[in-house]
Amino acid sequence: MKTGTDIRLAAPTNIRWPPESGHHHHVTDPPAGDDQLVAEVAAGQEPALERIFRAHGGAVKAVARRVLNDDTLAEDVVQDVFVTFWNSPQRFDASRGSLRTYLLTIAHRRAVDVVRSEVARAQREEKSPPPATTIDLESEIWQRSQSEIVRKAVAELGDDERRAISLAYFGGMTYVEVAKTLDQPEGTVKSRI
């Protein structure tokens, strides 16, 4: 049983998607069936994995691509399938089907898992409210510019008008309260404001 700490460092590093078209095996390589190649992979022979990859990688990607409809995600699934196979070739059971069927089944399952994961992530994002600290930058800039305009306009007023407006708008007083505070007639205060 694998644990969450299983790091895939044991995977060969020379297997790349897509396969390089210019790379050919030596003529002395004997032809091998899937059973022999699986045994060689189990023995840690990277060339066997590369041969399996070249034989079945395209079909694995096609299955993943069909489910995911995304080349990048499909390539990630292909990589995952072959790393999984490299790490656990003993899981393949020839009595249950061909190696190709086995790899395609893993690819299909992994691709479906990716789709489920993407759907779940999208649903979480839709349900979660935006963070309370989110600031609408445009609104903040507009409010600050309006505040600055108001401050400049008030500063340009005469003392009597500035005091009346400051008490009414910034102090929250009514006309009557402003008139009493400034000891001025209510009509004068209204006209100044």
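The values are calculated or read from the model by the stated rules, or taken from the named source; none is laboratory data. This one's a predicted model, so the numbers in the text were calculated from it and none came from an experiment. Neighbour counts are summed over all protein chains in view; Cβ atoms, including those assigned to glycine, are modelled from backbone coordinates with ideal geometry. To get the accessible areas, we keep the full protein, side chains included, count just its heavy atoms, and leave off ligands, DNA and RNA. Shrake-Rupley method; radii C 1.70, N 1.55, O 1.52, S 1.80 Å.
Could you tell me which of the residues Thr72, Thr105, Thr101 is hydroxyl-bearing (Ser, Thr, Tyr), out of contact with any helix residue (DSSP H, G or I) (no Cβ under 8 Å at 6 or more places or on another chain), open to solvent by 60 Å² or more (accessible area, probe 1.4 Å) and under 14 Å from His56 (Cα atoms)? Going through Thr72, Thr105, Thr101 in turn, the sole match is Thr101.
Go over the candidates Gly44, Gly22, Gly33, Gly4 one by one and state the one that is within 30 Å of Glu118 (Cα to Cα) and either open to solvent by less than 80 Å² (accessible area, probe 1.4 Å) or at pLDDT below 80 (or both). Quick ask: steps written out before the conclusion?
Details: Gly44 fails: within 30 Å of Glu118 (Cα to Cα); Gly22 fails: within 30 Å of Glu118 (Cα to Cα); Gly33 fails: within 30 Å of Glu118 (Cα to Cα).
Criteria check complete, one pass: Gly4.
In the set Val38, Val78, Val60, Val27, which member is surrounded by 14 or more Cβ atoms within 10 Å (Cβ to Cβ) and modelled with pLDDT under 95?
Working: Val78 fails: modelled with pLDDT under 95; Val60 fails: modelled with pLDDT under 95; Val27 fails: surrounded by 14 or more Cβ atoms within 10 Å (Cβ to Cβ).
Val38 is the lone residue from the list that is surrounded by 14 or more Cβ atoms within 10 Å (Cβ to Cβ) and modelled with pLDDT under 95.
For region 81-127, the set of residues classified as among the β-branched types (Val, Ile, Thr) and under 23 Å from Glu50 (Cα atoms) consists of Val81, Val83, Thr84, Thr101, Thr105, Ile106, listed by residue number.
With respect to Asp113, is the statement that it is modelled with pLDDT of 95 or more and part of a helix (DSSP H, G or I) true? So Asp113 fails the test.
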